[in-house]
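The next block holds one structure in the form of structure tokens; read it before the comments.
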Amino acid sequence: MSKDIYTLEGQRIWVAGHRGMVGAALVRRLAMEGAEILAISRTGLDLRRQKDVEGWIAANKPDVVVLAAATVGGIGANAARPAEFLYDNLAIAQNVIDGSWRAGVERLLFLGSSCIYPKFAPQPIPESALLTGPLEPTNEAYAIAKIAGLKMVEAYRTQYGARYISAMPTNLYGPGDKFDEAAGHVAPSLMLRMVRAKLAGAPSVVVWGSGEPRREFLHVHDLAEACALMLRRYDESGPLNIGGGDEVSIRGLARTIARVVGYQGEIVFDASKPDGTPRKLLDSSRVYALGWRPNYELEAGLRDAYFWLQSQRSDLWDAACVA
Ligand code: GFB
């Protein structure tokens with residue numbers, strides 16, 4: 001197991017994107033390292049505006065930046081809004097990485113996604129599979145922006161000696177997720193759909209695609225743990241994959257969510273909706289070698305997300321009350 005090469009205690013850490021699922025988990029985790037957390041809302045700073053970002057970083061002088069801000073969504077949002085996914089994510093990456101370097105930020109962690117790898121990459125996917133084949137069309141725009149971001153990190157290391165690093169997490173879920181049936185990722189979308197179906201007494205729910213694609217799911221708290229460890233122990237060029245090593249079919253995921261929610265109706269597959277990448281299992285052996293392992297098993301993790309949904313969306317249950 002490797003040793004710490006950097007201490008987070010007492011550092012000023014800017015978590016860009018602190019209102020999102022990943023950013024919020026990172027704030028909670030990094031504060032436990034004894035770091036001072038900086039955060040600015042989207043209305044206070046638009047990360048797509050270069051001058052504003054440069055000015056904010058220079059004025060607030062973080063020691064460390066974690067770039068968790070992004071325009072994100074599930075397969076439907078990615079396919080429907082490629083211009084936004086490309087423009088926003090390119091602009092955010094370029095402004096935050098370059099602005100950090102100009103302001104003398106010591107460490108930066110850029111967060112990407114497993115969709116950067118080719119659609120038909122070997123499984124489990126090693127980091128070396130990057131740019132070896134065509135991307136999955138439904139998320140090509142997002143993937144290209146994330147590849148540009150990680151290449152910027154590498155370029156700033158090579159040319160300027162910046163101690164900047166990248167992490168490529170697998171499909172994430174957990175408290176703080178976007179519970180939106182049309183635009184969200186599969187786990188929160190199906191959970192919300194099944195809660196609504198259960199409350200309405202609906203005999204069936206629709207799951208997009210064939211149910212055959214396989215995905216690896218990681219609880220966001222496990223990701224936050226890996227990020228803290230990477231900031232303390234990793235200082236090399238090239239991204240590190242972050243995944244738990246277990247995959248499940250979308251059909252299997254739907255059944256697990258039905259158990260968590262207590263939905264007993266039929267699960268119907270809508271073949272007119274896209275499947276996306278057939279398989280996306282990461283080879284995460286390099287981050288395991290740093291000493292990280294996930295804690296959450298899928299069903300327990302989904303239960304955690306379900307508790308969060310209940311705490312945030314009492315309106316769903318209120319609407320089902322008869323008096
Ligand atoms: O989570 P998801 O949108 O992400 O979809 P991707 C995963 C799989 O679940 C696909 C199926 O095969 C979908 O067809 N699925 C079934 C559903 N029902 C639903 C549903 O109600 N909603 C959604 N969203 N999917 C994303 C990328 O790809 O992965 C992003 O588009 C990002 O850019 C993310 O990289 C990690 O794994 O297909």
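Side notes on the structure shown:
- Probe 1.4 Å, accessible area per residue of the range 79-141, Å²: 41
- MRE, 222 nm, helices only [DSSP H, n ≥ 4, -39500 (n - 2.57), over the chain, to nearest 500]: -13000 deg cm²/dmol
- In a reduced charge model with +1 at each Lys and Arg Cβ and -1 at each Asp and Glu Cβ, the range 1-154 shows a dipole moment near 220 debye about its Cα centre.
- Each peptide in 91-102, 28-39 was scored by the mean count of other Cβ atoms within 10 Å over its residues; highest first, the order is 91-102, 28-39.
- Normalised contact order of the range 156-205, rounded percent, pairs of Cα under 8 Å and 6 or more residues apart: 18
- Taking every full run of DSSP H in the chain, the ones that stretch at least 18 Å from end to end by Cα along their long axis and average 0.5 or higher on the Kyte-Doolittle scale are 186-200.
- Taking Cα centre as origin and charging only the Cβ of basic (Lys, Arg, +1) and acidic (Asp, Glu, -1) residues, the dipole magnitude of the range 97-142 rounds to 60 debye.
- As a fraction of the 1.4 Å probe accessible area of the chain, surface on carbon and sulfur atoms comes out at 52 percent.
- The range 82-206: relative contact order in percent, alpha carbon pairs under 8 Å with at least 6 residues between: 27
- Counting Lys and Arg as +1 and Asp and Glu as -1 over every other residue whose Cβ lies under 12 Å from the Cβ of residue 303, the net charge comes to -2.
- Heavy-atom accessible surface of the range 179-270, averaged per residue, reaches 35 Å², computed with a 1.4 Å probe.
- Inter-centroid distance (Cα atoms) of the range 1-74 relative to the range 200-242, Å: 20
- Counting only DSSP beta bridges with both residues in the range 189-323, the antiparallel share comes to about 20 percent.
- If only the Cβ of Lys and Arg carry +1 and only the Cβ of Asp and Glu carry -1, the dipole of the chain around its Cα centre is close to 120 debye.
- Segments 151-160, 277-286, 293-302 sorted - mean Cβ within 10 Å per residue, highest first: 277-286, 293-302, 151-160
- Listed peptides 313-320, 139-146, 209-216 appear in the order 139-146, 209-216, 313-320 once ranked by packing, highest mean of other Cβ atoms within 10 Å at the front.
- Across the chain, C-alpha contacts under 8 Å between residues 6 or more apart give a mean separation that, scaled by the residue count, equals a relative contact order of 20 percent.
The values are calculated or read from the model by the stated rules, or taken from the named source; none is laboratory data. Everything numeric in this text was worked out from a predicted model, so none of it was measured. Because the Cβ atoms are built from the backbone with ideal geometry, glycine has one as well, and the counts that use them run over all protein chains shown. We work out accessible area using only protein heavy atoms, side chains counted, and drop any ligands, DNA or RNA first. Shrake-Rupley method; radii C 1.70, N 1.55, O 1.52, S 1.80 Å.
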